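The values are calculated or read from the model by the stated rules, or taken from the named source; none is laboratory data. Being a predicted model, the structure only gives us computed values, none of them experimental. Using ideal geometry, Cβ is built from the backbone for each residue, glycine included, and neighbour counts are taken over all protein chains shown. Just so you know, the surface numbers come from the protein's heavy atoms only, side chains and all, with ligands and any DNA or RNA stripped out. Shrake-Rupley method; radii C 1.70, N 1.55, O 1.52, S 1.80 Å.
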Amino acid sequence: MSFTVTSWSSPASGVVRCFASVLAVVASLVAAVVPAHAHGPGNAPRAADGDASIASVKQIDERTQDIMVHSPAMHSSIPVRVILPKNWNSEKEAKFPVLYMLHGGDDNYTSWTRETDVEELARKSDVLVVMPDGGKFGYYSDWHAGTHNWETFHTKELVRLMEKEYRASSARAIMGLSMGGFGALNYAGRHRGMFRYVAAMSSYVDLNEPSVRLTLQLGSQRDGIDIKDVWGDPVRDFGVWQDHNPAAMTRAFRGTRVHLSTGDGTVGPLDAGRPLDVLLVGSVAETVLPEQTRRFASALRSAGVTTTTHIYRPGTHSWPYWQRELHAVWPTVTRVLDQ
């Protein structure tokens with residue numbers, strides 16, 4: 001990812017404008033629920049016109065492929081990166097558990113392999129790793145307006161396609177960072193029982209938080225998006241917002257193990273060598289997350305959900321910390337999927 005903060009000639013106005021710019025960028029970074037049976041008619045994932053299909057396959061290395069998936073729900077082809085299980089070729093009839101990995105805002109499906117060593121982690125694993133594109137600012141939702149039906153693509157079309165073409169089993173886990181962490185929680189809560197494990201790194205978890213509302217509004221404006229197109233008007237369409245709000249659907253996570261992690265915004269050794277403006281953005285983006293994460297974790301536990309947390313100091317909104325967290329949760333993910 002690359003982030004920029006505008007510099008200004010006037011010191012006094014510069015602080016105000018720079019802070020506004022930081023908030024806007026934070027929104028796109030941090031932007032990375034009721035169970036499915038409880039949805040109202042207008043809030044459930046939309047039915048696709050047909051099954052998704054593979055338009056093309058590009059072999060990246062022995063076990064990594066980029067596939068273009070034609071999506072009826074999206075009315076276009078969406079790229080997906082796949083890491084095949086270690087015994088994919090030797091066990092021709094076997095089915096394999098699957099881990100879906102969602103990217104953050106202003107990024108794409110290549111981010112996990114570009115910024116982490118997930119391919120090395122998966123080298124000895126019999127887990128199918130699926131990294132779909134979710135749009136730079138798709139919010140992992142079927143939009144209230146328009147044809148951005150990301151949820152239908154990811155949770156219906158892509159899941160069926162992986163089962164049909166890549167021998168994916170019904171044992172699934174999902175994780176994401178920033179906007180992708182929200183997406184992972186949104187999908188796990190709205191599709192109760194679909195995932196055994198969900199991990200959200202540095203993601204907002206409560207759409208009712210004033211700081212979240214502010215960053216979503218500023219960030220969407222910066223990116224040329226009307227946030228009302230995503231979930232409707234926050235007041236008039238309050239129910240739609242709550243249908244996509246992890247903090248409003250804690251009981252929907254029963255039966256799914258949840259892991260939440262975030263830094264406290266303090267700059268640390270892992271930030272060494274990064275430009276000052278990038279450090280500022282990463283620090284501000286993370287600072288607002290620990291308290292809402294603690295409250296959400298407490299609510300989940302009260303609802304009977306097995307929940308773990310890792311709120312670390314120091315820690316900014318940046319890849320070195322997410323790489324470390326990936327290593328921390330990997331053994332648990334693979335163990336849960338093997339059960």
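Checking each residue in region 214-227 for being in contact with a helix residue (DSSP H, G or I) (Cβ under 9 Å, 6 or more places away or on another chain) and open to solvent by 10 Å² or more (accessible area, probe 1.4 Å) picks out Leu214, Thr215, Gln217, Leu218, Gln221, Arg222, Asp223, Ile225, Asp226, Ile227.
Tell me, yes or no, whether region 278-289 has at least one residue that is open to solvent by 70 Å² or more (accessible area, probe 1.4 Å), under 29 Å from Phe96 (Cα atoms) and out of contact with any Asp or Glu (no Cβ under 9 Å at 6 or more places or on another chain). Checked region 278-289: no residue is open to solvent by 70 Å² or more (accessible area, probe 1.4 Å), under 29 Å from Phe96 (Cα atoms) and out of contact with any Asp or Glu (no Cβ under 9 Å at 6 or more places or on another chain).
When residues in region 213-227 are screened for being assigned to a loop (DSSP other than H, G, I, E, B) and either within 19 Å of the chain's Cα centre (by Cα) or acidic (Asp, Glu) (or both), 3 of them pass.
For Lys95, indicate whether it is within 19 Å of Phe195 (Cα to Cα), at pLDDT 95 or above and open to solvent by 30 Å² or more (accessible area, probe 1.4 Å). Let's see the steps before the verdict.
Numbers: within 19 Å of Phe195 (Cα to Cα): yes; at pLDDT 95 or above: yes; open to solvent by 30 Å² or more (accessible area, probe 1.4 Å): yes.
Answer is yes for this residue.
In summary, Ser318 fulfils each of the numbered conditions (1) in contact with a Pro (Cβ under 8 Å, 6 or more places away or on another chain); (2) farther than 16 Å from Asp206 by Cα; (3) crowded, with 22+ Cβ neighbours inside 10 Å with the single exception of condition (1). Annotation: of all residues in region 50-76 being within 15 Å of Leu161 (Cβ to Cβ) and outside any strand (DSSP E or B), the one that is farthest from the chain's Cα centre (by Cα) is Gly50.
Of the residues in region 169-181, how many are crowded, with 21+ Cβ neighbours inside 10 Å and either assigned to a helix (DSSP H, G or I) or of a type outside the set (A, V, I, L, M) (or both)?
Filtering region 169-181 down to residues crowded, with 21+ Cβ neighbours inside 10 Å leaves 172-181.
Restricting the remaining residues to those that are either assigned to a helix (DSSP H, G or I) or of a type outside the set (A, V, I, L, M) (or both) gives 172, 176, 178-181.
Selection size over region 169-181: 6.
Regarding region 210-227, can at least one residue be identified that is within 13 Å of Trp143 (Cβ to Cβ) and either at pLDDT 95 or above or hydrophobic (A, V, I, L, M, F, W, C) (or both)? Yes, some residue in region 210-227 is within 13 Å of Trp143 (Cβ to Cβ) and either at pLDDT 95 or above or hydrophobic (A, V, I, L, M, F, W, C) (or both).
This table checks each residue for (1) charged (D, E, K, R); (2) over 15 Å from Val69 (Cα atoms); (3) modelled with pLDDT of 95 or more.
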| position | (1), (2), (3) |
| --- | --- |
| Val129 | no, yes, yes |
| Trp150 | no, no, yes |
| Glu157 | yes, no, yes |
| Gly183 | no, yes, yes |
| Phe195 | no, yes, yes |
| Ala200 | no, yes, yes |
| Asp206 | yes, yes, yes |
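Identify, please: which residue in region 73-92 is among the charged types (D, E, K, R) and either touching a helix residue (DSSP H, G or I) at 6+ places or on another chain (Cβ under 7 Å) or open to solvent by less than 40 Å² (accessible area, probe 1.4 Å) (or both) and is, among those, nearest to Met179 (Cα to Cα)? Please lay out each step first, then the result.
In the first step, residues of region 73-92 are kept if they are among the charged types (D, E, K, R); the result is 81, 86, 91-92.
Next, from what is left, pick out any that are either touching a helix residue (DSSP H, G or I) at 6+ places or on another chain (Cβ under 7 Å) or open to solvent by less than 40 Å² (accessible area, probe 1.4 Å) (or both): 81, 86.
On the way: Arg81: 18, Lys86: 29 Å.
Ranking the qualifying residues of region 73-92, first place goes to Arg81.
Only one of Tyr166, Tyr197, Tyr187, Tyr204 is open to solvent by less than 30 Å² (accessible area, probe 1.4 Å) and closer than 20 Å to Gly282 by Cα; which? Break it down into steps so the answer makes sense when it comes.
On the way: Tyr166 fails: closer than 20 Å to Gly282 by Cα; Tyr197 fails: closer than 20 Å to Gly282 by Cα; Tyr187 fails: closer than 20 Å to Gly282 by Cα.
Going through Tyr166, Tyr197, Tyr187, Tyr204 in turn, just one is open to solvent by less than 30 Å² (accessible area, probe 1.4 Å) and closer than 20 Å to Gly282 by Cα: Tyr204.
Which residue is farthest from Gly193 (Cα to Cα), if the candidates are limited to region 228-257 and must be assigned to a helix (DSSP H, G or I), open to solvent by less than 30 Å² (accessible area, probe 1.4 Å) and not aromatic (Phe, Trp, Tyr)?
Going residue by residue through region 228-257, those that are assigned to a helix (DSSP H, G or I) are 228-231, 238-243, 246-248, 250-253.
Adding the requirement that they be open to solvent by less than 30 Å² (accessible area, probe 1.4 Å) leaves 230-231, 240-243, 246, 250, 252-253.
Checking which are not aromatic (Phe, Trp, Tyr) leaves us with 230, 240, 242-243, 246, 250, 252.
Working: Val230: 25, Val240: 21, Gln242: 19, Asp243: 17, Pro246: 15, Thr250: 13, Ala252: 9 Å.
Applying the filter and picking the extreme gives Val230.
Of the residues making up region 121-149, those that are part of a helix (DSSP H, G or I) and open to solvent by 20 Å² or more (accessible area, probe 1.4 Å) are Leu121, Arg123, Lys124. Go through region 261-277 and report how many residues are open to solvent by 10 Å² or more (accessible area, probe 1.4 Å) and β-branched (Val, Ile, Thr). Within region 261-277, residues that are open to solvent by 10 Å² or more (accessible area, probe 1.4 Å) and β-branched (Val, Ile, Thr) number 2.
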